[in-house]
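**Q** One structure, as structure tokens, below. Some questions next.
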Amino acid sequence: MPERRLAALDSFRCIADRCPANCCTAPWNISIDDATLEKWRALDDATVREGLLGAIDEAPCRVTGHSYSMHRDAAGRCVQLAANGLCTIHDRFGPELLPEVCRQFPRSRIDGYGEVLQTGSLACPEMARLVLFENVDAPAFRRSGSGAASMLPTLGQVQVSEYLAQLLDQVMANERTALSVELAYLSQVLGEMAQAAASGALSESFFEHRLRGCKQALYDLNLQAKRGKLRPTAELGGAFWAAAYKLAPDLLQAQGNEGAEAGALLAAMKQATVTGPGRAAARMALHERVLAVRQGLRPAIQRFDKALRRYVEVEFAFLGFPRRPFADNYIASFLHAALSFAVVQLFLWLRALNADGLEQSDVVDAVYMTERRLGHSLNILDAAEDNADLLHVERYYGCWSEVF
């Protein structure tokens, strides 16, 4: 089986008590796998055994499927986290008695269709820093092994993933095209794929045609974007940015509104989420403000184009797009990644408006804080359940062109 390995894994070392955002304090369930639970139950020392088992909750995790999680204190910290910022289980017993998720984080293995992915979570500040700003001229992933996914006799899940992976590689390798346009193109292809599958017309020729025409299609879309012809309608654009804001309003509000422009953007986003007869006008007003902010901050954001491109590449892999999409839904996995990008964009805009510029640390903060909020949860998929239109990503392709 071919393997793709994130290069940053080689140099990653947990910085433990020096970490600005300890993973033991993040807003996610620290689930306990069955093997670890059995180890704890089999311990001979009754005091140790009861101490471990007494600090867990029966709280099923929707992401991992495990039934138990570590108990948290009133501040949301894992109760095994000591005042010095270190884990008491690891300190006393070493890594052997840690839950699997604690032993592995931020490392992640995905047994994808046709390829194994060894990747990492950008919810870890140190992993985010390494991915975004270390060895940026080298490929983010290294490949080894070989496979024959395209030799399958029928167009099954493995072969679809293989075709999409080849297409994604072509898109991400085309650095002459704006990253925002590449996202728009991918959403367009996924929409077409969904329509072809629904009508029974999804075939090898569908993908081969797009692989052959990828470069020209990106060129044409990029030209449309430069001429201002790739934009969504004002109401649709405002609805998109309002949906992104609703995913993490407290995180975005926390970036402050010291500057008049930052305050106005936050107020416009909040207003656009309110239901009622004035919602359409509020959405259009939000989109107009977003365009103005994006234009004004474009030079500040473009300084970090290479870092953001790597973020997009690694985030797609971490969320299993396209090798192992959640619930085998390629569009849902793409939506999860793309809306995370939109939240990062909003975060960076607010930071820049409040601080009159951006630094590398701001980009790292935007990525890991967004991933802590969204990367290990099903919040985005829940939002799609509440608003099924979000899954029609092809309708929003003009909106993706405004991200980054």
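**Q** Does at least one position in the range 281-293 carry a residue that is within 21 Å of residue 111 (Cα to Cα), out of contact with any Ser or Thr (no Cβ under 9 Å at 6 or more places or on another chain), touching a residue at least 24 places away in the same chain (Cβ under 8 Å) and not basic (Lys, Arg)? Give the steps one after another, and end with the answer.
**A** Looking only at the range 281-293, we keep the residues that are within 21 Å of residue 111 (Cα to Cα), and these are none.
No.
**Q** Continuing with this model, one more query. From the list 57, 73, 34, which one is of a type in the set (Asp, Glu), at pLDDT 90 or above and touching a Ser or Thr at 6+ places or on another chain (Cβ under 7 Å)? Outline the logic, then answer.
**A** Numbers: 73 fails: touching a Ser or Thr at 6+ places or on another chain (Cβ under 7 Å); 34 fails: touching a Ser or Thr at 6+ places or on another chain (Cβ under 7 Å).
Answer to the check: 57.
**Q** What helices (runs of 4 or more DSSP H) completely inside the range 1-109 contain at least 1 residues that are closer than 30 Å to residue 169 by Cβ? Full working, then the answer.
**A** On the way: elements: 34-41, 46-53, 88-93, 100-104.
Result: 100-104.
**Q** Please find, among 44, 33, 73, the residue that is surrounded by 15 or more Cβ atoms within 10 Å (Cβ to Cβ) and acidic (Asp, Glu). Working first, answer last.
**A** Numbers: 44 fails: surrounded by 15 or more Cβ atoms within 10 Å (Cβ to Cβ); 73 fails: surrounded by 15 or more Cβ atoms within 10 Å (Cβ to Cβ).
From the options 44, 33, 73, the qualifying one is 33.
**Q** Also, quick follow-up: When you go through (1) over 20 Å from residue 184 (Cα atoms); (2) of a type outside the set (A, V, I, L, M); (3) assigned to a helix (DSSP H, G or I) one by one for residue 275, which number turns out not to apply?
**A** Failing condition for residue 275: (3).
**Q** Also: The conditions are (1) touching a residue at least 60 places away in the same chain (Cβ under 8 Å); (2) part of a loop (DSSP other than H, G, I, E, B); (3) surrounded by fewer than 17 Cβ atoms within 10 Å (Cβ to Cβ), and residue 255 fails exactly one of them. Which is it?
**A** (3)
**Q** Yes or no: residue 132 within 21 Å of residue 368 (Cβ to Cβ), assigned to a helix (DSSP H, G or I) and outside the structural domain of residue 68 (by TED's automatic domain parsing)? Give the steps one after another, and end with the answer.
**A** On the way: within 21 Å of residue 368 (Cβ to Cβ): yes; assigned to a helix (DSSP H, G or I): yes; outside the structural domain of residue 68 (by TED's automatic domain parsing): yes.
Here the answer is yes, as residue 132 does meet what is asked.
**Q** With surrounded by 14 or more Cβ atoms within 10 Å (Cβ to Cβ) and under 22 Å from residue 178 (Cβ atoms) as the only criterion, which of 236, 247 stands out?
**A** Details: 247 fails: under 22 Å from residue 178 (Cβ atoms).
That would be 236, the only listed residue that is surrounded by 14 or more Cβ atoms within 10 Å (Cβ to Cβ) and under 22 Å from residue 178 (Cβ atoms).
**Q** Exactly one of these conditions fails for residue 270: (1) of a type in the set (D, E, K, R); (2) in a helix (DSSP H, G or I); (3) under 24 Å from residue 382 (Cα atoms); (4) in contact (Cβ under 8 Å) with a residue 40 or more places away in the chain. Give me its number.
**A** Result: residue 270 fails condition (4) only.
The values are calculated or read from the model by the stated rules, or taken from the named source; none is laboratory data. This is a predicted model, so every value here is computed, not measured. Virtual Cβ from ideal backbone geometry, glycine too; neighbours counted across all protein chains shown.
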